[in-house]
Amino acid sequence: MDRDQLLKRLNKAWAAFKESYAGLPDSRLMEPGVTGAWSVRDILAHVSTWEEEALKHLPLILTGGKPPQYSVTYGGIDAFNARMTEQKESLSLSEVLKQLDETHGRLVSYIESAPQDQFIRETRFRHRLRLDTYSHYPKHTEAIRKWRMQPPAAKEE
């Protein structure tokens, strides 16, 4: 895989993610119960958080550094996710959508400028990028699609 192939894979997963909630009115984007208590809006904020983590830690990885272990720093991934969800719960839907698009744009720009040798084999850089992006989006894409297919009564929790 080279950078262009990786970007195609990332863009395909991103497009499917965006499509999973396309056309939903704002009120539906705010409904809890898509994944646990999370709404689509919460999922969008969550995906943006992990892209922010990629932008924070990929440069560190390139210089030979090691990102902090979530289990040590935050008490685990679930604790980190809960903390970040709490930090972003005051953001409006429009702020979350803006942040999502801006963060994704910055991430794609960063990938376009990263050294090509980070893409041609399995590197720590590519591993981290995969976990935070194109292998992460489909989990939430599928959850949103399943939620959209449920009858309205099943969505009330």
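The values are calculated or read from the model by the stated rules, or taken from the named source; none is laboratory data. Keep in mind it's a predicted model, so treat the numbers as computed, not measured. Ideal geometry is used to build each Cβ from the backbone, glycine not excepted, and the neighbour counts take in all protein chains shown.
Which residue pairs have Cβ atoms closer than 8 Å, lie 6 or more positions apart in sequence or on different chains, and pair a first residue in the range 44-59 that is more than 13 Å from THR133 (Cα to Cα) with a second residue that is of a type in the set (A, V, I, L, M, F, W, C)?
ALA45/MET84; ALA45/LEU91; ALA45/VAL96; ALA45/LEU100
Quick check on LEU44: is it closer than 30 Å to PRO151 by Cβ, at pLDDT 95 or above and outside any helix (DSSP H, G or I)?
It is false that LEU44 is closer than 30 Å to PRO151 by Cβ, at pLDDT 95 or above and outside any helix (DSSP H, G or I).
So, in the range 80-106, of the ones that are buried (at least 16 other Cβ atoms within 10 Å of the Cβ) and hydroxyl-bearing (Ser, Thr, Tyr), which residue ends up farthest from ALA37 (Cα to Cα)?
THR103
Does at least one position in the range 47-66 carry a residue that is surrounded by fewer than 16 Cβ atoms within 10 Å (Cβ to Cβ), assigned to a helix (DSSP H, G or I), within 18 Å of the chain's Cα centre (by Cα) and at pLDDT below 95?
The answer is no, given that none of the residues of the range 47-66 is surrounded by fewer than 16 Cβ atoms within 10 Å (Cβ to Cβ), assigned to a helix (DSSP H, G or I), within 18 Å of the chain's Cα centre (by Cα) and at pLDDT below 95.
Could you please find all residues in the range 123-143 being closer than 26 Å to LEU62 by Cα and either among the hydroxyl-bearing types (Ser, Thr, Tyr) or touching a Leu at 6+ places or on another chain (Cβ under 8 Å) (or both)?
THR123, PHE125, ARG126, ARG128, LEU129, THR133, TYR134, SER135, TYR137, listed by residue number.
Name the residues in the range 107-131 that are exposed (fewer than 13 other Cβ atoms within 10 Å of the Cβ) and either part of a helix (DSSP H, G or I) or not acidic (Asp, Glu) (or both), would you?
Keep residues of the range 107-131 that are exposed (fewer than 13 other Cβ atoms within 10 Å of the Cβ), which gives 109, 112-113, 115-117, 121-122, 127.
Result: SER109, GLU112, SER113, PRO115, GLN116, ASP117, ARG121, HIS127.
Among the numbered conditions (1) free of Cβ contacts under 8 Å to residues at least 12 places away in the same chain; (2) assigned to a helix (DSSP H, G or I); (3) surrounded by 11 or more Cβ atoms within 10 Å (Cβ to Cβ), tell me where GLY75 comes up short.
All conditions pass for GLY75, except number (2).
Count, please, the residues in the range 1-41 that happen to be hydrophobic (A, V, I, L, M, F, W, C) and outside any helix (DSSP H, G or I).
Taking the range 1-41 first, the residues hydrophobic (A, V, I, L, M, F, W, C) are 1, 6-7, 10, 13-17, 22, 24, 29-30, 34, 37-38, 40.
Add one more test, that the residue is outside any helix (DSSP H, G or I), and what stays is 1, 22, 24, 30, 34, 37-38.
Here the count works out to 7.
Could you go through the range 65-74 and let me know if any residue there is out of contact with any Asp or Glu (no Cβ under 7 Å at 6 or more places or on another chain), of a type outside the set (Gly, Ala, Ser) and within 15 Å of LYS88 (Cα to Cα).
no
Residue-by-condition table, conditions (1) under 20 Å from the mean Cα position of the chain (by Cα); (2) closer than 20 Å to ALA13 by Cα:
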position	(1), (2)
LEU97	yes, yes
GLN116	no, no
ILE120	no, yes
HIS127	yes, yes
PRO138	yes, yes
GLU142	yes, yes
ARG148	yes, yes
